[in-house]
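Asker: The structure's right below; bear with me while I get my questions together.
The values are calculated or read from the model by the stated rules, or taken from the named source; none is laboratory data. Since this is a predicted model, take the numbers as computed values, not measurements. Here the Cβ positions follow ideal geometry from the backbone for every residue, glycine too, while neighbour counts run over all protein chains shown. These accessible areas exclude ligands, DNA and RNA; they are computed on the full protein's heavy atoms, side chains included. Shrake-Rupley method; radii C 1.70, N 1.55, O 1.52, S 1.80 Å.
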Amino acid sequence: VAPAPTSLPLACKRINMGQYFARDTITAIAIDPKDPDVIYAGTENAGIYKSIDGGLSWRPAHNGLGATRVDSLVIAPSNTSTLFAGVLLDDVYKSTDGGEHWQKTNIASQSASISQVVMDPNDSLHLLYLSDLIHESMDGGQTWQAKIISGCPQDIQNLIINPADALILYASDGGGSSCEAGVYKASDGGKAWSLVGLKGEKVLSGALT
C-alpha cells in the first residue's frame, strides 16, 4: 500500500510579480550559500537573471552565453563568485565574477533534452555533466573526460553525487531505451551500475535530488 501523502510544514508566498523578467519559464534556481539574498534564476528562453535582494528585483546576468535555455545552475560553496550553467544544445558555461560574464568550457553538448551540471558537495573542482553522455571534470571545468556506459542506464534523466562519498553516483533512467526504467547506482565513480530502486518507474528530468 502506498503511503498517504503528508502536508509540508511550509508556507509559500510570491516575492516578485515578474516585472523584471521576460515572460518565460524558470528552469533552474541557485542560491548563494553564504548570502541567501543572492539568487540566480535560469530560464527556458531568456538566459540567466540575478537578484541581490532576496528576489524582490532582478536583472539579466547572461553576458557571454551562446544560447538562451539554461537547464541547470550550480554555485561553488568554496567561492560563491564561481558558477556553472548547463545550457541546452550548447555547452557548460563558467562564471568567476558572480554571473557578470560567462565563458564556455568546451564540451559541446549534443543532447536534445538535458544539460545538467552536478557539483561534488565536498570538492568544487569536481564536476559531472549530463547531456548526450556523462562527462567529468576534476579541475573546475578546464578539462573534461567522457564516461562511456556500456550497459544500463542509457536514457539518463538525472544524476547526483552522494555527499558522503563522491564515488557513489545515482542516476535515473526514463525507460526510453532497452534499459529498465528506475534508479541506478554506481559505487565506482560511474563504471559499473545496478538498478537499485523504483523499477519500471519513469523517473523524469528534475525528479531525482
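Asker: Just name the residue that is farthest from Leu73 (Cα to Cα) out of those in segment 19-37 that are surrounded by fewer than 11 Cβ atoms within 10 Å (Cβ to Cβ) and at pLDDT below 80.
Answerer: The extreme case among them is Gln19.
Asker: If a residue has to be surrounded by 19 or more Cβ atoms within 10 Å (Cβ to Cβ) and β-branched (Val, Ile, Thr) to count, how many in segment 123-148 make the cut?
Answerer: Residues that pass the stated criteria total 1.
Asker: Filter segment 96-139 for residues that are β-branched (Val, Ile, Thr) and in a strand (DSSP E or B); which is modelled with the lowest pLDDT?
Answerer: Ile134
Asker: Could you count how many residues in segment 89-98 are surrounded by fewer than 21 Cβ atoms within 10 Å (Cβ to Cβ) and either hydroxyl-bearing (Ser, Thr, Tyr) or within 13 Å of the chain's Cα centre (by Cα) (or both)?
Answerer: Of the residues in segment 89-98, 1 are surrounded by fewer than 21 Cβ atoms within 10 Å (Cβ to Cβ) and either hydroxyl-bearing (Ser, Thr, Tyr) or within 13 Å of the chain's Cα centre (by Cα) (or both).
Asker: Could you go through segment 154-169 and let me know if any residue there is open to solvent by 60 Å² or more (accessible area, probe 1.4 Å) and closer than 14 Å to Gly200 by Cβ.
Answerer: Scanning segment 154-169, I find no residue that is open to solvent by 60 Å² or more (accessible area, probe 1.4 Å) and closer than 14 Å to Gly200 by Cβ, so the answer is no.
Asker: Name the pairs: first residue in segment 175-188 and farther than 11 Å from Asp165 by Cβ and open to solvent by 20 Å² or more (accessible area, probe 1.4 Å), second residue at pLDDT 95 or above and assigned to a loop (DSSP other than H, G, I, E, B), Cβ to Cβ under 8 Å, at least 6 apart or on different chains?
Answerer: If the second residue must be at pLDDT 95 or above and assigned to a loop (DSSP other than H, G, I, E, B), the pairs left are Lys185/Ile168.
Asker: Under 9 Å between Cβ atoms, at least 6 apart or on separate chains: pull out the pairs that start in segment 131-146 with a residue that is of a type in the set (Phe, Trp, Tyr) and end on any residue that is part of a loop (DSSP other than H, G, I, E, B) and open to solvent by 80 Å² or more (accessible area, probe 1.4 Å).
Answerer: Note: pairs meeting the criteria are Trp144/Asn106.
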